[in-house]
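Reading through the structure tokens given below for one structure.
We did not get these values from a lab; they are worked out from the coordinates using the rules stated. Note that the structure is predicted; figures quoted are calculated from it, not measured. Cβ placement follows ideal geometry from the backbone for every residue including glycine, while neighbour counts extend to all protein chains displayed.
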Amino acid sequence: MRLRNVKGSREVIAASRYVIKNETEKKGRWKEVFGNGNRIHIEIGMGKGAFLTTMAQANPYTNYIGIEKYSSVLIRAIEKQEELELPNLYFIRMEAEYIDEVFAPGEVGRIYLNFSDPWPKDRHAKRRLTSKEFLNRYTKILTEDGLVIFKTDNRELFDFSLEQIPEAGWELVDYTYDLHNSAYVKGNIMTEYEAKFVGEGKPICRLTAKQNR
Ligand code: SAH
């Protein structure tokens, strides 16, 4: 009997050409990674990657990069991409805190934040991906007309985010407390978490924000 080589998630990540390893060396050079100058949209905290994979299939002239800190979920996105081999989709396993060391000013056109960790304790507020600390980091990598698009089921985190936007000198473009019963639902691509929460009848909040320039 032949023993199947069951790889651990770290080995799969190390072996995949869709995972960029020396990400800080790519700062200002992402065009070379994709082999074209198309706009780059990223998702921070992409989990198993269903949203970004669907986006990359639907929009072949947009380049996508999925960022996720945990190997155990990232591996699911990699497995799917190894089957699909989409030329406009790459992943990075990293903690988003040093995002401005990975992308140069103006290199990113859009940042998607889907069902980000709530960090409910006040003393952890700086870790929330929509905190003013993170918005300041996003300012360093976004194009002038760049957008942050944030979806969550967590009303407390959403209200906190609505407050942080003007505090960081950003501007709200639009928002809804109930995406699936609003006009904004047209063209919405569901994430894994979103499908679960919508199935449970929970309303989904969404906001779009841009820098105030
Ligand atoms: N976006 C997916 C997963 C949501 S769960 C969906 O909507 O279905 C949130 C994910 O973000 C988790 O996988 C978590 O590991 C990741 N994450 C949270 N904070 C992060 C950070 N600072 N850097 C990188 N990934 C992060």
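Brief remarks follow.
- Those residues of region 58-70 which are surrounded by fewer than 17 Cβ atoms within 10 Å (Cβ to Cβ) and under 11 Å from Gly47 (Cα atoms), in sequence order: Lys69, Tyr70
- Condition met for Phe51 (outside any loop (DSSP other than H, G, I, E, B), within 9 Å of the ligand (Cβ to nearest atom) and in contact with a Ser or Thr (Cβ under 9 Å, 6 or more places away or on another chain)): yes
- Any hit, region 31-38, residues being in contact (Cβ under 8 Å) with a residue 40 or more places away in the chain and farther than 16 Å from Leu86 by Cα: no
- For region 25-54, filtered to residues that are over 15 Å from Ala195 (Cβ atoms) and crowded, with 21+ Cβ neighbours inside 10 Å, the residue that is nearest to the chain's Cα centre (by Cα) is Glu43.
- Within region 144-184, restricting attention to residues that are within 16 Å of the ligand (Cβ to nearest atom) and among the hydroxyl-bearing types (Ser, Thr, Tyr), the residue that is surrounded by the fewest Cβ atoms within 10 Å (Cβ to Cβ) is Thr152.
- Region 28-52: number of residues that are of a type outside the set (A, V, I, L, M, F, W, C) and closer than 15 Å to Arg93 by Cα: 5
- Members of region 54-73 that are in contact with a Leu (Cβ under 9 Å, 6 or more places away or on another chain) and assigned to a loop (DSSP other than H, G, I, E, B): Pro60
- Filtering region 185-204 to residues that are over 16 Å from Ile149 (Cβ atoms), surrounded by 15 or more Cβ atoms within 10 Å (Cβ to Cβ) and of a type in the set (A, V, I, L, M, F, W, C) leaves Phe197, Val198.
- Meets criteria (more than 16 Å from the ligand (Cβ to nearest atom), of a type in the set (Gly, Ala, Ser), in contact with a His (Cβ under 9 Å, 6 or more places away or on another chain) and in contact (Cβ under 8 Å) with a residue 60 or more places away in the chain) for Gly109: yes
- Single unsatisfied condition, Gly187 versus (1) over 20 Å from Ile44 (Cα atoms); (2) within 14 Å of the ligand (Cβ to nearest atom): (2)
- Condition met for Glu79 (among the charged types (D, E, K, R), out of contact with any Asp or Glu (no Cβ under 7 Å at 6 or more places or on another chain) and part of a helix (DSSP H, G or I)): yes
- Candidate set from region 87-134 (those that are among the basic types (Lys, Arg) and in a loop (DSSP other than H, G, I, E, B)); member that is surrounded by the most Cβ atoms within 10 Å (Cβ to Cβ): Arg128
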